[in-house]
Amino acid sequence: MNWLRKSKQEILLPPTPGNWYVDKTGTLFKVRVLAYAEGELRYAVIDYPQGPRRKVAIKDWNSLIFRLNDSKRNNSSREREQL
């Protein structure tokens, strides 16, 4: 699959199990698992912290505007700076 740029600042991120993402409405979600059919990636199963699991077709994933949530990494950097 070719992950293309949507604009100069937004790059589509491939779904990666275990990673947390934030959608365009600010909703946090985690990719639980990827589902393949006939050797092709078809779905990403995502979990919301206060909601149900949802199966997202890859064609729909590609149309989402979101970012990788890296707040844990940023918090760790801030903690080291304070030491």
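The values are calculated or read from the model by the stated rules, or taken from the named source; none is laboratory data. Computed from a predicted structure; not experimentally measured. Cβ: placed from backbone, ideal geometry, glycine included. Neighbour counts: every protein chain shown.
The set of residues in the stretch 35-45 that are aliphatic (A, V, I, L, M) and either in contact (Cβ under 8 Å) with a residue 24 or more places away in the chain or outside any strand (DSSP E or B) (or both) comprises L41, A44. The number of residues in the stretch 33-83 that are at pLDDT below 85, within 18 Å of N19 (Cβ to Cβ) and basic (K, R) comes to 3.
Note on the stretch 46-61: residues that are outside any strand (DSSP E or B) and of a type in the set (A, V, I, L, M) total 1.
List pairs: first in the stretch 15-34 and assigned to a loop (DSSP other than H, G, I, E, B), second exposed (fewer than 15 other Cβ atoms within 10 Å of the Cβ), Cβ under 6 Å, 6+ apart or cross-chain? Matching pairs, first to second residue: P17/V33; K24/I65. On the stretch given as the stretch 29-40, residues that are surrounded by 15 or more Cβ atoms within 10 Å (Cβ to Cβ) and of a type outside the set (F, W, Y) total 4.
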